[in-house]
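One structure is given below, encoded as structure tokens.
The values are calculated or read from the model by the stated rules, or taken from the named source; none is laboratory data. Note that the structure is a prediction, hence the values are computed from the model and not measured. As a convention, Cβ positions derive from the backbone with ideal geometry for all residues, glycine included, and neighbour counts pool all protein chains shown.
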Amino acid sequence: MPAAAKHHTLFDTKETTPTSTSIINAVSLDAKTPIPIEHHGSAFNTRKGRRYIPFLEPLDNFAQLLLEAKLLSPTQMACIHSKTQYCVGEGWYLKNVEIDQPLTTWAATLNKKGQTLNDIIRGIVDNIYTTGNAYIEIIRGKIGSSKFVKVYVNSFLDCRLSMPEDNDTSTSIFKSPEFRRRGVWNMRSDEFVEIPLYTGSSIGEQWYKDDKGNEHTIMHLKNEVSGYDYYGMPSSVSSLPQQILEYKAARYNIDNFDNNLVIGGVIVLQGNLTKDEADKLGNNIVQQHAGDGKRGRYVILTSEAGIENSKVIPFEKQRDGDFIEFDKRIEEKIISANNWDAFLAGIHKQTGMGSGGSAYIRSIFSIKNATVIQPMQAYVIEKFITPLLQICDEWMHTKWSLHHFGIKPVTPIFFLGDIDINAILTKDEGRKAMGLTELGGVEGKAFIKTAPSNSPKGGGF
């Protein structure tokens, strides 16, 4: 990675020998421009002469930062994982028919990885929540006389938009694993592939043909944010500093434990030591009393006085309640930026009177279902499933796009406690569950509890 690309990475690597590297804790976020800006008309070049738009300026490594922040922030990870689970729910289904066996069989294995249509949907939603962008590659081809359509969710680390030419709209995607390793780089023509973007229009529609004769196109789904014309941004981007701070707070406490809960101090070595001897002894002391991070380090000083005068001067600190309230505030801001709720994310939350009951939780779920879950499901169906099935119809001569698709929601299990079981079971079903003889007839088919009544008659087995 170029030296200039270190500003937006959570870890920097420092070469210690020609064959090994060591990790140095250097979580950083540019204080002047913590969120990169998408400048109109800026692009990087490839050696093939094509230009691509960085994500985002000036270093083209913002995707790595978002991914690393998610992986190191427990709250961010919990929010994205739970939101994705709720949005995918129990998976896709057909509203207009019971089953379409050819479609079901095709959706059970969409690529060589063995991923299902539900796996693809899950990958799309997770990518959009993580970086605001998802790149879905569609491959169509033939084996003999049999045609096929394969689907892959490409890594957001490997994809960049091409520079717009005439109408200020990108028409293709540059795909290369070199984007992960090099960031800003002049790639050779054999190090990337340029794949046309799928627009749904038959006019000027282009497919990239590989060496095997298979054709490729890419769908770019994104979370639209005003001011960013080309790439999407995650809804939680405003909490990026808090995500990094959550990791840094944990890193701080790890350092404290590694240093016996002492932040560090000054070690004065008295004795007739050469510089090399002092450096070696000092390094040994630091490694024994400090952790992986930079906190808790000791300053080593030497003097020619007798060794019996050597001493350690620790730095005192106030430890009561360290980072407890700070961590709570960080957690709240990350959850809020995700437009989510701690209950749905599985994060324990202390509540007062009137909070935490089934009615309260049902209210929270109803709000998030209407404002977060259902809109994402509708977006995936409109922007991905419907166009994909249209491609299948055109290529494989199916009629799958005529179906009405839906995604089954997940109802939290605690909602079942609000249901009166006697109001949904018949007397025979209840007696059978208890090992009793069924009544049969009209009486056996009647519900155990039909309606509220002050009468002492009825309502029993």
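Outside any loop (DSSP other than H, G, I, E, B), modelled with pLDDT under 95 and assigned by TED's automatic domain parsing to the domain that holds P387, is that true of L161? It is true that L161 is outside any loop (DSSP other than H, G, I, E, B), modelled with pLDDT under 95 and assigned by TED's automatic domain parsing to the domain that holds P387.
Take the conditions surrounded by 15 or more Cβ atoms within 10 Å (Cβ to Cβ), of a type in the set (K, R) and modelled with pLDDT of 80 or more and apply them to K427. Does it pass? Here the answer is yes, as K427 does meet what is asked.
Give just the number: which of (1) modelled with pLDDT under 95; (2) of a type outside the set (S, T, Y); (3) more than 20 Å from H216 (Cβ to Cβ) does A108 not satisfy? (1) is the only condition that A108 fails.
One residue stands out among those in region 216-227 that are surrounded by 19 or more Cβ atoms within 10 Å (Cβ to Cβ) and more than 20 Å from the chain's Cα centre (by Cα): the one that is farthest from R140 (Cα to Cα), which is I218. M233 fulfils the conditions (1) at pLDDT below 75; (2) assigned to a loop (DSSP other than H, G, I, E, B); (3) hydrophobic (A, V, I, L, M, F, W, C) except for a single criterion, (1).
Within region 315-350, if we keep just the residues that are of a type in the set (D, E) and modelled with pLDDT of 90 or more, the residue that is surrounded by the fewest Cβ atoms within 10 Å (Cβ to Cβ) turns out to be E332. Among the numbered conditions (1) in a helix (DSSP H, G or I); (2) modelled with pLDDT of 95 or more, the only one that L65 does not meet is (2).
Within region 82-105, the set of residues being part of a helix (DSSP H, G or I), in contact (Cβ under 8 Å) with a residue 24 or more places away in the chain and farther than 22 Å from K222 by Cα comprises P102, L103. Would you mind stating whether G417 is outside any loop (DSSP other than H, G, I, E, B) and at pLDDT below 80? The answer is yes for G417.
Please find, within region 192-215, the residue that is nearest to S162 (Cα to Cα) out of those that are in contact with a Lys or Arg (Cβ under 8 Å, 6 or more places away or on another chain) and in contact (Cβ under 8 Å) with a residue 60 or more places away in the chain. Ranking the candidates gives E194 first. When only residues in region 240-264 that are in a loop (DSSP other than H, G, I, E, B) and among the β-branched types (V, I, T) count, which is modelled with the highest pLDDT? Checking each candidate, the answer is V262. In the set (1) under 40 Å from the mean Cα position of the chain (by Cα); (2) surrounded by 12 or more Cβ atoms within 10 Å (Cβ to Cβ); (3) modelled with pLDDT under 90; (4) of a type outside the set (D, E, K, R), Q287 fails one condition alone, (2).
Going by the structure shown, is F365 closer than 29 Å to G132 by Cβ, within 24 Å of the chain's Cα centre (by Cα) and at pLDDT 95 or above? Can you show your working first?
On the way: closer than 29 Å to G132 by Cβ: yes; within 24 Å of the chain's Cα centre (by Cα): yes; at pLDDT 95 or above: no.
Here the answer is no, as F365 does not meet what is asked.
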